[in-house]
1. Can you tell me how many residues within the range B:152-187 are of a type in the set (A, V, I, L, M) and assigned to a loop (DSSP other than H, G, I, E, B)?
2. Just one of B:Phe52, B:Phe36 is at pLDDT 95 or above and within 14 Å of another protein chain (Cβ to nearest Cβ); which is it?
3. So A:Leu83 ticks every box in (1) closer than 30 Å to B:Gln40 by Cα; (2) in a helix (DSSP H, G or I); (3) more than 19 Å from the chain's Cα centre (by Cα) but one. Which box is left unticked?
4. Contact list please: Cβ distance under 8 Å, first residue in the range A:110-126 and at the interface with chain B (Cβ under 7 Å from one of its Cβ atoms) and outside any loop (DSSP other than H, G, I, E, B), second residue surrounded by 13 or more Cβ atoms within 10 Å (Cβ to Cβ) and not acidic (Asp, Glu), pairs at least six apart or on different chains.
5. Restricting to the range A:110-143, give me the number of residues that are among the β-branched types (Val, Ile, Thr), touching a Ser or Thr at 6+ places or on another chain (Cβ under 6 Å) and more than 22 Å from B:Gln40 (Cα to Cα).
6. Does A:Ser107 qualify as being within 14 Å of chain B (Cβ to nearest Cβ), under 30 Å from B:Lys39 (Cβ atoms), assigned to a helix (DSSP H, G or I) and in contact (Cβ under 8 Å) with a residue 40 or more places away in the chain?
7. Looking only at the range B:55-87, count every residue that is in contact with a strand residue (DSSP E or B) (Cβ under 6 Å, 6 or more places away or on another chain), within 14 Å of chain A (Cβ to nearest Cβ) and either farther than 19 Å from B:Phe179 by Cβ or surrounded by fewer than 20 Cβ atoms within 10 Å (Cβ to Cβ) (or both) and tell me the total.
8. Can A:Asp134 be described as in contact (Cβ under 8 Å) with a residue 12 or more places away in the chain and more than 15 Å from A:Tyr44 (Cβ to Cβ)?
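The values are calculated or read from the model by the stated rules, or taken from the named source; none is laboratory data. On a predicted model such as this, the values are computed, not experimentally measured, just so you know. For neighbour counting, all protein chains shown are included, and Cβ atoms are generated from backbone atoms with ideal geometry for every residue, glycine included.
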Amino acid sequence: MQKARYTLTAIAIHWGMAILLIALFVVGLYMHELKFSPLKLQIYAWHKWAGVTAFILVMLRLAWRLKHRPPALPWTMSKMTKLGANIGHGMLYLLMIAIPLSGWLMSSAKGFQTVYFGVLPIPDLLSKDKAIGDALEAVHMILNYSMAAILVGHIGAAIKHHVVDKDDVLRRMLPWRAS
Amino acid sequence: MNIKVWASVIGGLMLASGAQATEFTSIQNDKSSLHFVYKQMGVPVDGSFNKFNAQLAFDPSKPANAKVDFELNLASIDAGSDEANDEVSGKSWFNTKVYPKATFASTAVKQLAANRYEVSGKMTIKGRTQMITAPFTFTPQGNTAKVDGSFVLKRSEFAIGEGMWADFGTVANEIQINFHFLANASK
């Protein structure tokens, strides 16, 4: 019997975004602590460009997901666990959209327009306002820590499926065909 | 024609020329502004200076005799963020402890068109003096006049941003300066 897998496109976007988002998170923490310098300004610019890229990728990913539904969750899972998995995935998608949006809005409110790769200006929805900029900075941070917490749950669940439940939930997202 | 008539004609002419020769001598600080735009990683960032003053001797009908002296408190900068404000007062940027002020002293003013002029002069920042030329419009409104102009200053010519900032890859060399002054006529 052919086991249900994610499409290769979905697998590629999943792991590509995993690497991109973890890198964005780590770089975000690092750059915030840097002393003001040309390097800091360069990293901030790259962080924003990568964030815009992540936003584009999640949009493509959602469009793909609409046309190519993911394989069903194993029948061995209880109703509650399935609900938990769906809520968790929904939250991850929500955060993948909300985090770059909050970053873009924060940048505008702080008076720095986002210009994609220094070439394509993305309009400012907000004008410069220090209080709003500071509030959005807190929002961006809280959303990121929420994402990190849910990601820990996501990885934990994948390992549990593989090791404890011994089902194919992890394997069907692996880039190689594991039996 | 008798002498009385001549006297009144001459008097009238003098009054008329007197009314034309309005000399503007100062600016209203609260209604004047000095903004600048610089590019950081390809992104335009706005900034401004809040404390400056100017002394003028500007009669729009005699631009050749005009004189402008401008003084700017460099510590009054808003470079776009708190972090940038702290940075630019330091040694590699304005070094405001040693050089608190930037000054401009005009050497020539010429008329370009109706209400359009061009001022040239010596700009001194951080102990370095360079010739600067800036076109501006001059729009009189009774006893006041709007002065609007802009020019591009190259930060490297004044050693603004030395050391690790000297490269233009992060912060561009060209700084666009936009000035808007409300000038007062002498009473």
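1. Count: 3.
2. Unique residue meeting the criteria: B:Phe36.
3. (1)
4. A:Val115/A:Pro121; A:Val115/A:Ile122; A:Val115/B:Met41; A:Val115/B:Gly42; A:Val115/B:Val43
5. Of the residues in the range A:110-143, 1 are among the β-branched types (Val, Ile, Thr), touching a Ser or Thr at 6+ places or on another chain (Cβ under 6 Å) and more than 22 Å from B:Gln40 (Cα to Cα).
6. yes
7. Final tally of qualifying residues: 1.
8. no
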